[in-house]
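S.K.: Encoded as structure tokens, here's the structure I'll be asking about.
The values are calculated or read from the model by the stated rules, or taken from the named source; none is laboratory data. Predicted model only: the values in this text are computed from it and were never measured. Glycine also receives a Cβ, built like all others from the backbone with ideal geometry; neighbour counts cover every protein chain displayed.
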Amino acid sequence: MKLKIRKELCEMEKNSYASDQIVLPEGGIDCSEGCNPYGYPEGILQVARAFKSERFAPYPHSMAAYNGICEYWKSQCFLKRDNIMLTDGSISAIYIINNIFNVKGAKVLGIAPQFTDFGANIRLLGMEYVSVPLRRENNFQIDIEELLDKITGDLSLLYIDNPNNPTGQVVDSKDIERILKKAEDCGVCVIVDEAYGDFMPKDNSAVKFLASYENLIVIRTLSKGFGLAGLRVGYILAAENLIRCMYKMTNPYQVGEISRELAGAALTVENHIADHMENFARQKRELRENLGGELRMAETCDTVSICLIYHQDSKVDLHRRFIEEGVLTVPGAEFDELNSSYVRVRMPMEKDFPVLLKAVKKIGQE
């Protein structure tokens, strides 16, 4: 039986580095998943144990996550419930936003490499996707001036992940505002995806610009810094009119009751990530000093948990070599403009760092 499925869905291959677990040698470590290796904040288990089972039956109505978000950002921006949309992780946020801008002839600007699933979804929807490449000769540093030059009135959307995935570099909020101003003049909406935003200072977040720029959408998640990927809690912050449009594109009960409660509790924990950021920074500095003759690290912010490492020889399958040395990474070939000689590495727990350091030293000297 020939079903009437969209032909392009059957023919298109979707790039995503989310995959089944690969078996590592004994003593191997996983440096692929973006979630915080140190886990979730203390006190979350107490909230989970206190959760009453009768709350599983009704549809979710808890306001804990909304209240927690408003409280968390009060030093940067006054938020109301109508500025917030809860989503099943930040990737669901991307799908919802892309759908409301999916009009005939829509053109979207990004950078390359960046979060793979955004561009994949744009193409899947039939929208035109163009990107500003991060160049190897500049060590993959984001060129703000080139990005600004590409913002024109024929665009519907501009997407930037800050910190960038896979490099872990951070765009200063002053440059984010320059982007917002240019985009506003051109009638372009800007998505700032801060999935890894907990690893940069809170005052560098684009959230502080929400009151000034109606063309701004900020995406956040509790999967990365808060170590709660299994709860699937993300959220969108935007002007009320944009949030209203988004609710028309999805179900009214995104994010379950217990996830809302735990998210609200997590957002009240002070300084959960600060010590981890110091560990990541120390590890990145040590890696950089020990890369050896053939490996390089792209531009990055040391406190962010991820970085991009590449081999001088483009024929090297760096992902495979790291697996052989007991380290699982994300293959660079999963990202636009990269190939198998690149890998994304998430910094491990301190006790596991010697495994990564040993692998880097060995591969770099081959």
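S.K.: Regarding Asn121, is this residue more than 20 Å from Ala195 (Cα to Cα) and either β-branched (Val, Ile, Thr) or out of contact with any Cys (no Cβ under 8 Å at 6 or more places or on another chain) (or both)?
M.R.: no
S.K.: Among the residues of segment 303-325, is any polar (S, T, N, Q), surrounded by fewer than 18 Cβ atoms within 10 Å (Cβ to Cβ) and either touching a Ser or Thr at 6+ places or on another chain (Cβ under 6 Å) or part of a strand (DSSP E or B) (or both)?
M.R.: Yes.
S.K.: If you scan segment 101-150, which residues turn out to be assigned to a helix (DSSP H, G or I) and in contact with a Leu (Cβ under 9 Å, 6 or more places away or on another chain)?
M.R.: We begin by selecting, within segment 101-150, every residue assigned to a helix (DSSP H, G or I); these are 116-124, 136-138, 144-149.
Once the filter is applied, which keeps residues that are assigned to a helix (DSSP H, G or I) and in contact with a Leu (Cβ under 9 Å, 6 or more places away or on another chain), segment 101-150 yields Ile122, Leu124, Leu147.
S.K.: Okay, moving on. Which pairs have Cβ atoms under 7 Å, sit 6 or more apart or on different chains, and link a residue in segment 161-187 that is on the phi < 0 side of the Ramachandran plot to one that is modelled with pLDDT under 95 and crowded, with 22+ Cβ neighbours inside 10 Å?
M.R.: none
S.K.: While we're here: Hey, among the residues in segment 120-135 that are of a type outside the set (Asp, Glu) and free of Cβ contacts under 8 Å to residues at least 60 places away in the same chain, which one's surrounded by the most Cβ atoms within 10 Å (Cβ to Cβ)?
M.R.: Ranking the qualifying residues of segment 120-135, first place goes to Ile122.
S.K.: Moving on. When you check Pro41 against the structure, is it touching a Pro at 6+ places or on another chain (Cβ under 7 Å), at pLDDT below 95, under 30 Å from Asp352 (Cβ atoms) and outside any helix (DSSP H, G or I), yes or no?
M.R.: no
S.K.: Considering (1) farther than 20 Å from Tyr213 by Cβ; (2) loosely packed, with under 14 Cβ neighbours inside 10 Å; (3) touching a residue at least 60 places away in the same chain (Cβ under 8 Å), say which one Asp117 fails and leave the rest.
M.R.: (2)
S.K.: With the requirement that a residue be surrounded by fewer than 23 Cβ atoms within 10 Å (Cβ to Cβ) and free of Cβ contacts under 8 Å to residues at least 60 places away in the same chain, what does segment 326-351 give you?
M.R.: The answer is Ala333, Asn339, Ser340, Ser341, Lys351.
S.K.: Return the residues of segment 197-242 that are surrounded by 23 or more Cβ atoms within 10 Å (Cβ to Cβ) and assigned to a helix (DSSP H, G or I); say none if nothing qualifies.
M.R.: Listed by number, the residues that qualify are Gly197, Asp198, Phe199, Ala206, Val207, Leu231.
S.K.: Yes or no: segment 149-160 includes at least one residue that is surrounded by 14 or more Cβ atoms within 10 Å (Cβ to Cβ) and among the basic types (Lys, Arg).
M.R.: yes
S.K.: Is one or more of the residues making up segment 218-225 modelled with pLDDT of 95 or more, in contact with a Lys or Arg (Cβ under 8 Å, 6 or more places away or on another chain), of a type in the set (D, E, K, R) and closer than 19 Å to Leu79 by Cα?
M.R.: no
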